[in-house]
Amino acid sequence: MSGLIAPFFILTTMLFHPGHSTRVEVQYNAADQVIELAMRIDHSDLEAALRNRYGQALVIEKLTEDEARELIAPYLGQTLRVNGQKLGDTAMNWIGWERKRISSWLYVEIQVSSILTTLSVDTDSKPNQLEMSVLTLLEVEPELNHVVAVKQNGNTTSTVTSKQKPNVTIPIVPAVVSR
């Protein structure tokens, strides 16, 4: 049995090496009609993406909250898509971030009503799910994986997305009320 554990551990480590994956947590908040998104992202990967986007080197540890909102939020708005649509200023709100030593958690909310308006969907007959494409960092790390945890009514479903398969389904149904 131990002969199988070592190859499995090595394969798992290669597939989910911290420099080649991010963690994304997504949950639909029915009361506010927003998709809440949290993304843990490695600083070196984010710095490479921002350097690619803005043409200058940035050091994540030195950014202020305002600079993060001005630089990182638009980048996320371009690399996160809902039903194929880029997120504009009206569809995505920067909530903030938590900086750690080598990675940060980024927090945004996606306004479902803005997405449905952009898609010309009547909000009274809105769909019960949306497709989110997570393309963040893939322009600088094409082999990167996003481990996406979708939380809904106390259940969590995890999916690994990649450049070849960037989509994950987000349920947008009312919350189940427990009695």
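Against the definition (more than 18 Å from the chain's Cα centre (by Cα) and either surrounded by 14 or more Cβ atoms within 10 Å (Cβ to Cβ) or not hydrophobic (A, V, I, L, M, F, W, C) (or both)), how does E65 come out, yes or no? Judged against the criteria, E65 is a match. Among the residues of the stretch 79-134, those that are assigned to a strand (DSSP E or B), among the aliphatic types (A, V, I, L, M) and surrounded by 16 or more Cβ atoms within 10 Å (Cβ to Cβ) comprise L80, V82, M92, L106, V108, I110, L130, M132, V134. Within the stretch 20-34, the set of residues being of a type in the set (V, I, T) and at pLDDT below 95 comprises T22, V34. From the list A49, A38, the one residue that fits, being assigned to a helix (DSSP H, G or I), touching a Phe, Trp or Tyr at 6+ places or on another chain (Cβ under 9 Å) and of a type in the set (G, A, S), is A49. Could you list all residues from the stretch 68-77 that are surrounded by 15 or more Cβ atoms within 10 Å (Cβ to Cβ) and either free of Cβ contacts under 8 Å to residues at least 24 places away in the same chain or over 30 Å from T169 (Cα atoms) (or both)? Hits for the stretch 68-77 are L71, P74, G77. Number of residues in the stretch 150-169 that are under 12 Å from the mean Cα position of the chain (by Cα) and closer than 20 Å to A31 by Cα: the value is 1. Scan the stretch 141-148 and tell me whether some residue there is modelled with pLDDT under 95, surrounded by fewer than 19 Cβ atoms within 10 Å (Cβ to Cβ), over 15 Å from the mean Cα position of the chain (by Cα) and not hydroxyl-bearing (S, T, Y). Yes, the stretch 141-148 has at least one match.
The values are calculated or read from the model by the stated rules, or taken from the named source; none is laboratory data. For clarity, every value in this text was computed on a predicted model and none was experimentally measured. Cβ coordinates were reconstructed from backbone atoms using ideal geometry, including for glycine residues, and neighbour counts include every protein chain displayed.
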